[in-house]
Structures are given as C-alpha cells and as structure tokens.
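First up is the structure itself, then whatever we jot down about it.
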Amino acid sequence: MKEIIFAGFGGQGVLTGGLVIAEMASRKDRSAVWMPAYGPTMRGGKANCVVKYGETAEEQVGSPIMEEADILVAMNQPSLDYLEFCKPGVTIFANMHNISADYIFPEGSKVVRLDCAELAEKAKNPKGQSLVMVGAIMRYLHLFDADFARTCLDEFFAKKGKNAYAEANRRAFDAGYEAAV
C-alpha cells in the first residue's frame with residue numbers, strides 16, 4: 001500500500017494534488033481513499049490530505065487515517081511536522097520556495113527539492129504549484145505512466161468544468177516531471 005501526505009497552506013492546492021493522485025489510482029482499478037483536513041481558515045491556514053491506495057488490484061485500503069506515509073509532499077516548512085507520521089526512509093518532495101535552505105531533513109530520507117513557485121511561474125501557471133509536485137512524483141517514483149497521468153489530469157479538471165485551464169495544468173505537471181531527475 002502507498003500512503004502519501006500532501007501538506008501546506010490553504011490555497012496551495014494540496015487537497016487538489018492529493019485528489020488527482022487518488023483519481024489516478026482508482027482509474028487503475030486500485031482501492032484508493034483521499035481524506036482532506038484543513039483548519040478554520042481555508043486560504044492561508046494549515047491544510048493537508050492523505051491519499052492511500054493499493055499497489056495491486058487485490059490490495060484493499062482499510063482506513064483513510066494517517067499512519068505511516070511513504071511519501072510526504074511538503075509545500076512549506078510547517079508541513080515538515082508531518083514527518084512524525086512517516087516511515088523511516090520516507091521520500092520527501094520539498095517545495096524549497098517555502099522551506100529554509102538550511103533545514104536538516106531526517107537521516108535516511110530521500111529528498112526531492114523543487115522550487116514549485118518558480119517552476120509554476122515558468123510554466124505560466126502560478127496557481128499550479130501542486131501540479132508541479134504531482135508531475136515530480138510521477139517521474140521520480142514512477143507511480144503511473146506520464147501519458148496516463150496527463151489524461152487523468154485533463155479529465156479530472158474537465159469534470160469540474162475547468163477545461164480552459166487544461167493546457168496550463170499540463171504545463172505545470174510537465175515542469176515538475178522534467179525537474180524531478
């Protein structure tokens with residue numbers, strides 16, 4: 001089973017990023033859950049979500065409760081508090097735009113450092129920082145094929161009536177995908 005924690009401030013797209021990956025997993029016929037959590041203020045307050053999915057079609061997810069994550073997506077420095085819910089050797093996708101350059105990550109963890117704000121800006125989608133992370137996760141961890149992920153991304157936003165942003169969302173995804181080498 002894979003467990004991913006997306007965390008950041010409200011408005012950074014952490015809930016959307018997690019929901020996109022949960023959608024990808026369910027479209028691969030995997031048991032998947034997504035559980036959001038956010039403080040009393042949406043924009044600017046703490047926000048996180050947990051995504052869990054079976055790595056095979058037979059593996060069932062029992063609970064959406066945060067337990068021992070394999071992956072932590074930290075969009076800001078306070079998000080690193082969630083390391084207490086991560087397995088040893090966790091893979092951390094760190095948005096270095098909002099994390100101090102001298103932050104000391106836990107020994108044994110794998111850290112993918114990205115400046116999501118800069119990458120999203122270059123992709124001409126400043127609101128697409130979480131999609132930059134989704135692209136990076138797909139490339140670095142090979143969770144799902146890139147073409148499949150792009151198709152899911154397009155269809156996810158189309159269902160929400162946001163077709164006008166399809167190209168911008170793909171650019172943000174691709175920026176993260178290319179940066180995670």
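The values are calculated or read from the model by the stated rules, or taken from the named source; none is laboratory data. These numbers were taken from a predicted model, which means no experiment stands behind them. Cβ coordinates were reconstructed from backbone atoms using ideal geometry, including for glycine residues, and neighbour counts include every protein chain displayed.
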(request) Tell me which residues, restricted to the range 145-155, are surrounded by fewer than 20 Cβ atoms within 10 Å (Cβ to Cβ) and either closer than 12 Å to Ala175 by Cβ or of a type in the set (A, V, I, L, M, F, W, C) (or both). (result) Ala146, Phe148
(request) Kindly indicate whether Ile99 is more than 18 Å from Leu153 (Cβ to Cβ) and not in a strand (DSSP E or B). (result) yes
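The rows are residues; the columns are (1) touching a Leu at 6+ places or on another chain (Cβ under 6 Å); (2) closer than 16 Å to Phe156 by Cβ; (3) of a type outside the set (D, E, K, R).
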residue: Phe9; (1), (2), (3): no, no, yes
residue: Ala22; (1), (2), (3): no, yes, yes
residue: Lys28; (1), (2), (3): no, yes, no
residue: Trp34; (1), (2), (3): yes, yes, yes
residue: Asn48; (1), (2), (3): no, no, yes
residue: Tyr53; (1), (2), (3): no, yes, yes
residue: Glu58; (1), (2), (3): no, no, no
(request) State which residue is farthest from Ala25 (Cα to Cα) when the search covers only the range 107-149 and only residues that are of a type in the set (Asp, Glu) and in a loop (DSSP other than H, G, I, E, B). (result) Glu107
(request) Answer yes or no as to whether Lys46 is farther than 17 Å from Ala149 by Cα, touching a Phe, Trp or Tyr at 6+ places or on another chain (Cβ under 8 Å) and either surrounded by fewer than 22 Cβ atoms within 10 Å (Cβ to Cβ) or among the small types (Gly, Ala, Ser) (or both). (result) yes
(message) Residues to consider are Ala37, Ala57; find the one that is of a type in the set (Gly, Ala, Ser), over 21 Å from Pro78 (Cα atoms) and modelled with pLDDT under 95.
(response) Ala57
(message) If the requirement is being in contact with a Leu (Cβ under 6 Å, 6 or more places away or on another chain) and either farther than 22 Å from Cys49 by Cβ or not aliphatic (A, V, I, L, M) (or both), which of these qualifies: Phe144, Phe173, Phe105, Phe156?
(response) Phe173
(request) Select from the range 48-68 the residues that are in contact with a Lys or Arg (Cβ under 7 Å, 6 or more places away or on another chain), within 15 Å of Ala22 (Cβ to Cβ) and of a type outside the set (D, E, K, R) and list them in ascending order. (result) Tyr53, Gly54, Val61, Pro64
(request) Count, please, the residues in the range 99-137 that happen to be at pLDDT 95 or above and either surrounded by 22 or more Cβ atoms within 10 Å (Cβ to Cβ) or within 24 Å of Ala22 (Cβ to Cβ) (or both). (result) 20
(request) Please state which of the following conditions Val61 fails to meet, knowing it meets all the rest: (1) over 17 Å from the mean Cα position of the chain (by Cα); (2) in a helix (DSSP H, G or I); (3) not small (Gly, Ala, Ser). (result) (2)
(request) Determine if the range 168-180 includes at least one residue that is part of a loop (DSSP other than H, G, I, E, B) and buried (at least 16 other Cβ atoms within 10 Å of the Cβ). (result) yes
(request) Could you list all residues from the range 156-181 that are at pLDDT 95 or above and of a type in the set (D, E, K, R)? (result) Arg170, Arg171, Asp174, Glu178
(request) For Lys122, indicate whether it is under 18 Å from Leu15 (Cβ atoms) and out of contact with any Pro (no Cβ under 6 Å at 6 or more places or on another chain). (result) no
(message) Can you tell me which condition Lys52 does not meet? The list is (1) in contact (Cβ under 8 Å) with a residue 60 or more places away in the chain; (2) under 21 Å from Met1 (Cα atoms), and all the others hold.
(response) (1)
